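**Student:** I'd like to ask some things about the structure below.
The values are calculated or read from the model by the stated rules, or taken from the named source; none is laboratory data. Computed from a predicted model, the values in this text were never measured in an experiment. Here the Cβ is made from the backbone with ideal geometry for all residues, glycine too, and neighbour counts use every protein chain on show.
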Amino acid sequence: MLERLADVDWARITHAYGPATDVPDMIRDLCAADPDQREKARWHLYGTIFHQGTRYEATAHAVPFLLEVLADPEAPDKGELVLLLTAIAIGYDAYWLPDGIPIAEHRRTAEGGATLLAAAPHPGDDEFDEEDGDAAYVEALTAQEQESMLAHVAVAAHEAVRRGVPLFRALLAHDDPGVRAASAYALGWFPEDAEGSIPALAALAALHPSDEDGALAATAVVSMGLLGAAPPFDDPRPLVRWATAVAQARVHGMAAGQEAFDELRFWTTEAGRDERIPFLDGDLVGYATLVLDRG
């Protein structure tokens, strides 16, 4: 497992703190027997290839190996790994909610960015500054060129994670509710794959026996809304009603109907937080408020 890590010239690509030579060991440590070692590896990955929401050239290169770890039936901490991959794909979800990620727009912005990144000085080049990296090169670009290059890096990360969509769908059947919830959350951020993901999410939302209060179903329903599908109000569980209102408002806007907006207004009066629902770290009130403010 992970033999191909050596095929990447990590010394020639960078993350938040310079050459990405430490990334292979971080990824290997995700498989360690010691849970503290695995947690430390995730923490370092968040801090290097996803530093404060920023993705780097090394980020997209790391993703195939993260997916390889996730696909291993024996790999631990699958839910945490799915959440890391989702963060890599989108940054912070608060950037995009309640409307979802405009990936087609980002692809247009990223046009030409790959060429600009390839022309940038890399570690080992005479023009690469050990202290400032490629800062001088970036500062010499126009604002539009800078935006294009940064968009390319972010889109490359999103596209790399997108290759894991079939795996995320498969993990909806995992025996750990946390893994199922993380996977349902992840699927909502890949609108180009909605056709296959919506039925899988709808099936998860309908599984009542293992989801008594509806936290898992609510996560699936919100993702369905981000992908363009909104179920009716036919589930009485409060968390699912919240999610249904969010999804209907996302899909139908002001035409969602009185029931949806009454439900959302109700939630703005509650002290609602449920961290089992990954969106906005479980801030149900904040999400309902975002939806109402958009309307």
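**Student:** Listed residues 132, 125; which is under 15 Å from residue 15 (Cα atoms) and either in contact with a Ser or Thr (Cβ under 7 Å, 6 or more places away or on another chain) or in the same structural domain as residue 14 (by TED's automatic domain parsing) (or both)?
**Tutor:** Sole residue among the options that is under 15 Å from residue 15 (Cα atoms) and either in contact with a Ser or Thr (Cβ under 7 Å, 6 or more places away or on another chain) or in the same structural domain as residue 14 (by TED's automatic domain parsing) (or both): 132.
**Student:** Another question, then. Among 64, 98, 102, which is surrounded by 20 or more Cβ atoms within 10 Å (Cβ to Cβ) and under 21 Å from the mean Cα position of the chain (by Cα)? Talk me through it step by step, then tell me what you get.
**Tutor:** On the way: 64 fails: surrounded by 20 or more Cβ atoms within 10 Å (Cβ to Cβ); 102 fails: surrounded by 20 or more Cβ atoms within 10 Å (Cβ to Cβ).
Going through 64, 98, 102 in turn, just one is surrounded by 20 or more Cβ atoms within 10 Å (Cβ to Cβ) and under 21 Å from the mean Cα position of the chain (by Cα): 98.
**Student:** Report the residue count in segment 238-290 for those that are over 16 Å from residue 215 (Cα atoms), of a type outside the set (A, V, I, L, M) and either assigned to a helix (DSSP H, G or I) or not assigned by TED's automatic domain parsing to the domain that holds residue 227 (or both).
**Tutor:** The total comes to 14.
**Student:** Quick check on my filter: what residues within segment 197-232 are surrounded by fewer than 24 Cβ atoms within 10 Å (Cβ to Cβ) and among the β-branched types (Val, Ile, Thr)?
**Tutor:** 198
**Student:** May I pose another question? Is it fair to say residue 186 is touching a strand residue (DSSP E or B) at 6+ places or on another chain (Cβ under 8 Å), small (Gly, Ala, Ser) and assigned to a helix (DSSP H, G or I)?
**Tutor:** Spelling it out, it is not the case that residue 186 is touching a strand residue (DSSP E or B) at 6+ places or on another chain (Cβ under 8 Å), small (Gly, Ala, Ser) and assigned to a helix (DSSP H, G or I).
**Student:** Looking at (1) over 21 Å from residue 65 (Cα atoms); (2) in contact (Cβ under 8 Å) with a residue 60 or more places away in the chain, which is the only condition residue 186 fails?
**Tutor:** Of everything listed in (1) over 21 Å from residue 65 (Cα atoms); (2) in contact (Cβ under 8 Å) with a residue 60 or more places away in the chain, residue 186 misses just condition (1).
**Student:** Let me ask you something else. In the set 232, 238, 199, which member is out of contact with any helix residue (DSSP H, G or I) (no Cβ under 6 Å at 6 or more places or on another chain) and touching a residue at least 24 places away in the same chain (Cβ under 8 Å)? It would help to see each step written out before you state the result.
**Tutor:** Working: 232 fails: touching a residue at least 24 places away in the same chain (Cβ under 8 Å); 199 fails: touching a residue at least 24 places away in the same chain (Cβ under 8 Å).
Just a single option satisfies the conditions, and that option is 238.
**Student:** Turning to a different aspect of this structure: Would you be able to tell me the number of residues in segment 276-295 that are at pLDDT 95 or above and charged (D, E, K, R)?
**Tutor:** Residues meeting the conditions: 3.
**Student:** So which helices (runs of 4 or more DSSP H) stay within segment 54-140 end to end and still have 1 or more residues that are among the acidic types (Asp, Glu)?
**Tutor:** Here the list reads 57-71, 78-90, 103-109, 135-140.
**Student:** Do you know which residues across segment 6-34 are over 23 Å from the mean Cα position of the chain (by Cα) and in a helix (DSSP H, G or I)?
**Tutor:** Of everything in segment 6-34, those that are over 23 Å from the mean Cα position of the chain (by Cα) and in a helix (DSSP H, G or I) turn out to be 6, 7, 10, 11, 12.
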